Amino acid sequence: MCNPSDFRILVVDDIDDNLFLMQTVLETAGYEVDTAESGQSALAKVGDSPPDLILMDVMMPEMNGYEVTRQIRQNPNLPFMPILMVTAYDAINNSRSLALGVNNFVRKPIEFEQLLIKVAALLKDKQPGFNG
């Protein structure tokens, strides 16, 4: 069993309060957390140093979470990493999300216990620092 501190999570959201809240919850649970405030910033960070997991907001200006996910999944130079979509919408497009390679969903307002359970489940079979 790996420790949360063995894993690095990238949280992507265009709202600073959401970034702060998710970062605080995940760091309190022991995870190493990086943040990105836009899709472009997320792609740059993923390209520089792929995280073990991504928490991706769906609705962001300029480039939404679907487009960021599509670009990550289409890049053959990037290792596989689980993506957990975060959305305020009940009518999330599950088929589109699954087709793009989204691994799971969390709805806003976020229930932090549920978030931590889903994060742990996605990281359960993952070797820390290895995205293969």
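Residues that are under 11 Å from the mean Cα position of the chain (by Cα) and farther than 18 Å from residue 5 by Cα within segment 104-124 comprise 104, 105, 106, listed in sequence order. Please enumerate the residues belonging to segment 28-40 that are surrounded by 22 or more Cβ atoms within 10 Å (Cβ to Cβ) and not in a loop (DSSP other than H, G, I, E, B). Matches in segment 28-40: 36, 39. Pairs meeting the criteria (first residue in segment 104-129 and closer than 19 Å to residue 13 by Cβ, second residue of a type in the set (Ser, Thr, Tyr) and at pLDDT 90 or above, beta carbons under 8 Å, at least 6 apart or on different chains) are 119/31.
Listed here are the residues, each with its yes/no results for (1) under 20 Å from residue 15 (Cβ atoms); (2) among the small types (Gly, Ala, Ser); (3) out of contact with any strand residue (DSSP E or B) (no Cβ under 9 Å at 6 or more places or on another chain).
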residue: 36; (1), (2), (3): yes, yes, no
residue: 42; (1), (2), (3): yes, yes, no
residue: 45; (1), (2), (3): yes, no, no
residue: 49; (1), (2), (3): no, yes, no
residue: 56; (1), (2), (3): yes, no, no
residue: 62; (1), (2), (3): yes, no, yes
residue: 65; (1), (2), (3): yes, yes, no
residue: 69; (1), (2), (3): yes, no, no
residue: 73; (1), (2), (3): no, no, no
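Candidates are the residues of segment 79-91 that are free of Cβ contacts under 8 Å to residues at least 40 places away in the same chain and surrounded by fewer than 17 Cβ atoms within 10 Å (Cβ to Cβ); the one that is nearest to the chain's Cα centre (by Cα) is 88.
Yes or no, residue by residue, for (1) more than 23 Å from residue 117 (Cα to Cα); (2) assigned to a helix (DSSP H, G or I); (3) of a type in the set (Ser, Thr, Tyr); (4) touching a residue at least 12 places away in the same chain (Cβ under 8 Å):
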position: 9; (1), (2), (3), (4): no, no, no, yes
position: 18; (1), (2), (3), (4): no, yes, no, yes
position: 23; (1), (2), (3), (4): no, yes, no, yes
position: 42; (1), (2), (3), (4): yes, yes, no, yes
position: 54; (1), (2), (3), (4): no, no, no, yes
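No other residue among 75, 93, 103 is at pLDDT below 85 and either of a type in the set (S, T, N, Q) or touching an Asp or Glu at 6+ places or on another chain (Cβ under 8 Å) (or both) apart from 93. As a summary of the residue check, residue 75 satisfies the conditions (1) surrounded by fewer than 17 Cβ atoms within 10 Å (Cβ to Cβ); (2) touching a residue at least 60 places away in the same chain (Cβ under 8 Å) except for the one numbered (2).
The values are calculated or read from the model by the stated rules, or taken from the named source; none is laboratory data. Source: prediction; values computed, not measured. Quick reminder, even Gly has a Cβ in these numbers, built from the backbone with ideal geometry, and neighbours come from all protein chains shown.
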